[in-house]
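The values are calculated or read from the model by the stated rules, or taken from the named source; none is laboratory data. Computed from a prediction, not measured in an experiment: that's the story for all the values here. We place every Cβ from the backbone using ideal geometry, glycine too, and count neighbours over all the protein chains shown. Quick note on the areas: whole protein, heavy atoms, side chains included, nothing else; ligands and nucleic acids left out. Shrake-Rupley method; radii C 1.70, N 1.55, O 1.52, S 1.80 Å.
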Amino acid sequence: MIRLGSMNYGSIFGSGSNSLYSSLSQLNSIRNGSYGKALKAYYAKDNTSAKSSKSPKSSRYNYPQFTANAGLDTIQTQTGKLVESANKLTDNSKKSLFVDKDNYDADAAYKAVSEFVTNYNDTLDAVNKTTNTVVSNAAGNMTRMTGIMSNSLSKVGVTVGKDGRLSVNEDDFKSADMDKVKSVFGAGGSFARSVNSYATRLGTAAKQQSLQTASNTGTYGRYGSYNNNYGTNSYNWWY
């Protein structure tokens, strides 16, 4: 005769988590797949929570090239074009536009000056896209000189706008005396020669700032922050 003694039947057949009914219920859940589905749903939710709790991806390398240093390569390109167009006007060789007054080609001169004006304005547009102080100071010297020359420019059909941009009136330019045009755009101490000099310095400033930014030694660091340890005096040699 088997004696069950004082065994607790409730713990076996009851409704607790360790009961036989509970175990059979779990076994049945495993067999019909509902247990597996519940586990998948649980871990899917857990993974989603883990992903959402991660720190957001840093945007440190997603910045646009920071306004202070943006467009420095473009400025170098545009100043190069401006210098080239100024050289065409100030050329004093036999190919000079102003070498022979009797055979002066007003159409050719107008075309050359129009190209110069376009490159001048494109250079200003490029500079206006950066707040780099070294570059903007160099450009400011050029525009101030242009303002001083505005009266002489107006005598050959070239106008300086309030925004510093140039415009040339074809009729007024072509009707101007060649000597006046030559004094403004030809060799010697002309406006075109001065712009050539200032544009060269502006391009050099943009190149220096671009290189120094890349090495984090310029006015602005590679992430756009101001470098307090940067001394600008050695870079203002042209002022």
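Only one of (1) at pLDDT below 95; (2) of a type in the set (A, V, I, L, M); (3) more than 30 Å from Phe98 (Cα to Cα) fails for Ala187. Which number is that?
Of the numbered conditions (1) at pLDDT below 95; (2) of a type in the set (A, V, I, L, M); (3) more than 30 Å from Phe98 (Cα to Cα), the odd one out for Ala187 is (3).
Go through region 126-137 and report how many residues are touching a residue at least 24 places away in the same chain (Cβ under 8 Å) and assigned to a helix (DSSP H, G or I). Break it down into steps so the answer makes sense when it comes.
Going residue by residue through region 126-137, those that are touching a residue at least 24 places away in the same chain (Cβ under 8 Å) are 126-127, 129-135, 137.
With assigned to a helix (DSSP H, G or I) added as a condition, the list becomes 126-127, 133-135, 137.
Of the residues in that region, 6 qualify.
Within region 105-115, is there a residue that is of a type outside the set (Val, Ile, Thr), over 16 Å from Leu166 (Cα atoms) and either at pLDDT below 95 or assigned to a loop (DSSP other than H, G, I, E, B) (or both)?
Yes: region 105-115 contains one or more residues that are of a type outside the set (Val, Ile, Thr), over 16 Å from Leu166 (Cα atoms) and either at pLDDT below 95 or assigned to a loop (DSSP other than H, G, I, E, B) (or both).
Just one of (1) open to solvent by 40 Å² or more (accessible area, probe 1.4 Å); (2) not in a loop (DSSP other than H, G, I, E, B) trips up Lys94, so point out which.
(2)
Filtering region 160-188 down to residues that are under 35 Å from the mean Cα position of the chain (by Cα) and open to solvent by 80 Å² or more (accessible area, probe 1.4 Å), which residue is farthest from Asn121 (Cα to Cα)?
Lys162
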